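Everything below concerns the one structure shown next.
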Amino acid sequence: MIPGLTIQDKVTQKNQIHPYKSIISKISSPKSKKLPKIVLLATNVIHDDVLFSNGLFQNILNLYDLFDSIQYVPIILYDKKPDADKIKLITKHYRYILPETVIKSEIPIYCVIEIGMTCQEEFRKYLCDFGTRFLKLYLGNVLNIDIEVSTRMPECHFIHHVSGTYDGIYTSPHYNQNREYTAILNGSQLKDSKIAPYVWSDQIFSKFSAGKSITWDTSMDWQNRDIIICEPNLGFQKCFYIPLLLAAEFARKNKDWKGVIKIYNAHNLSKTNNFEKNILPLLRIPEERIQYFLRFTIFDILEQNSGAIFIGHQINNEYNYMTLELMSKNFPVLHNATGWKNYGYYYDTSKWSLSLEILDETIKNHALNTNIYKSHYETLKWTHSPFNPVIQSQWDEILQNTNLELLQTTTVS
């Protein structure tokens, strides 16, 4: 053996995860340089102050980071010129362009992905003549939304389905049940409506929480911890009723608990007297144990409730950004997303007694479980990371070849 010779450990080398793209491959001689592949992400203007009021906006920025990391050139396509003062934080990190600029400059566009906005037919036809691909990506539960809007909001005129000639129609994995519906909306066959990988990163959350004091308080006694429910309460998909029933039963069974139940996004409660007349009496706890708040950003909620635990609940909206945001800061959150049942504090509403035991364990012992909770978060984060090579590979295939079979997202350990 030669002294000083490095011998690599084969097990360690085997366990390494290889990046999807090499940095060196991007460096080439001027003669061999190819035109950059520009990908436009079409959306309404994303203002700084609404970024965390709609997960769709974060989705767009996460996809931007993903495409940039696999050597495309992503640019956000806004429908109108934004107020510069309202997008200061956005423009620090993300490029944007307007349709008229695209047309005037004759920039070759590789692909347009309609996410938060549907492009006008004339604009689409113009780019298609130059070989641009158009993809439609649904990141909301469009079937449920359409049912609720048509049955409960007849005054609402919300156009978000404008069919056209698309090279591919995609939806998030947790909306797999809507693929047939999205195909019919766009006059396509089921085989042409596919699944695209779900993407999330804590980069955006970290960028916009810089300077804020957001840390879960491990020192507080469990008896003084509050229970927070902050579903948007816009319909049956994400609603506070189930978490409230669970929290109220916990309060009845634990006489030593002195905390309160806080319901955020409670502005709809005053529209009818159903809650006061029919729900409150069922809880059998003093009314002062429940506090109501209007809409706040997730940052404000966390800063105001540093020792609290959260309960979420969804129907047909499995993957909730808020769950990941809470876990990233070590805030305990009970969730009922079956796709994430192996992570964190999962509860099944069909097993009520067990759900109550999980709530009991969470509020009393989460401070003892912070390291294992962090390991769950890091694993879940990597599963959906825009920097995960499996996710990158799948999205690269979507951009290159829209005639793929239904993608199956893969968990990477």
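If you check Leu56 against the conditions, is it assigned to a helix (DSSP H, G or I), at negative phi and modelled with pLDDT of 95 or more?
no
Taking the condition of being farther than 25 Å from Asp221 by Cα, out of contact with any His (no Cβ under 7 Å at 6 or more places or on another chain) and part of a loop (DSSP other than H, G, I, E, B), how many residues in region 239-283 meet it?
4
Determine whether region 283-290 contains at least one residue that is touching a residue at least 40 places away in the same chain (Cβ under 8 Å) and not basic (Lys, Arg).
Among the residues of region 283-290, at least one is touching a residue at least 40 places away in the same chain (Cβ under 8 Å) and not basic (Lys, Arg), which makes the answer yes.
Among the numbered criteria (1) farther than 20 Å from Val333 by Cβ; (2) at pLDDT below 90, which one does Ser206 miss?
Result: Ser206 passes all but (1).
Just to be sure, is Ile315 touching a residue at least 12 places away in the same chain (Cβ under 8 Å), of a type in the set (Val, Ile, Thr), surrounded by fewer than 20 Cβ atoms within 10 Å (Cβ to Cβ) and within 30 Å of Pro197 (Cβ to Cβ)?
Criteria met by Ile315.
Evaluate region 319-329: report whether one residue or more is within 28 Å of Arg252 (Cβ to Cβ), β-branched (Val, Ile, Thr) and under 16 Å from the mean Cα position of the chain (by Cα).
So far as region 319-329 goes, yes, one or more of its residues are within 28 Å of Arg252 (Cβ to Cβ), β-branched (Val, Ile, Thr) and under 16 Å from the mean Cα position of the chain (by Cα).
May I ask you to list pairs of residues, at least six apart or on different chains, whose Cβ atoms are under 6 Å apart, with the first in region 350-369 being part of a helix (DSSP H, G or I) and the second being among the aromatic types (Phe, Trp, Tyr)?
Ser355/Tyr347; Ile358/Tyr345; Ile358/Tyr347; Leu359/Phe250; Thr362/Tyr345; Ile363/Trp222; Lys364/Trp222
Do we find that Ile315 is closer than 29 Å to Asn144 by Cβ, part of a helix (DSSP H, G or I) and among the β-branched types (Val, Ile, Thr) in this structure?
no
Suppose we filter region 370-389 for residues that are in contact (Cβ under 8 Å) with a residue 40 or more places away in the chain, part of a helix (DSSP H, G or I) and either in contact with a Gly (Cβ under 6 Å, 6 or more places away or on another chain) or within 30 Å of Asp68 (Cα to Cα) (or both); how many remain?
Summing the residues that are in contact (Cβ under 8 Å) with a residue 40 or more places away in the chain, part of a helix (DSSP H, G or I) and either in contact with a Gly (Cβ under 6 Å, 6 or more places away or on another chain) or within 30 Å of Asp68 (Cα to Cα) (or both) in region 370-389 gives 6.
The values are calculated or read from the model by the stated rules, or taken from the named source; none is laboratory data. Computed from a predicted structure; not experimentally measured. Every residue, glycine as well, gets a Cβ built from its backbone with ideal geometry; the counts of neighbours run over all protein chains shown.
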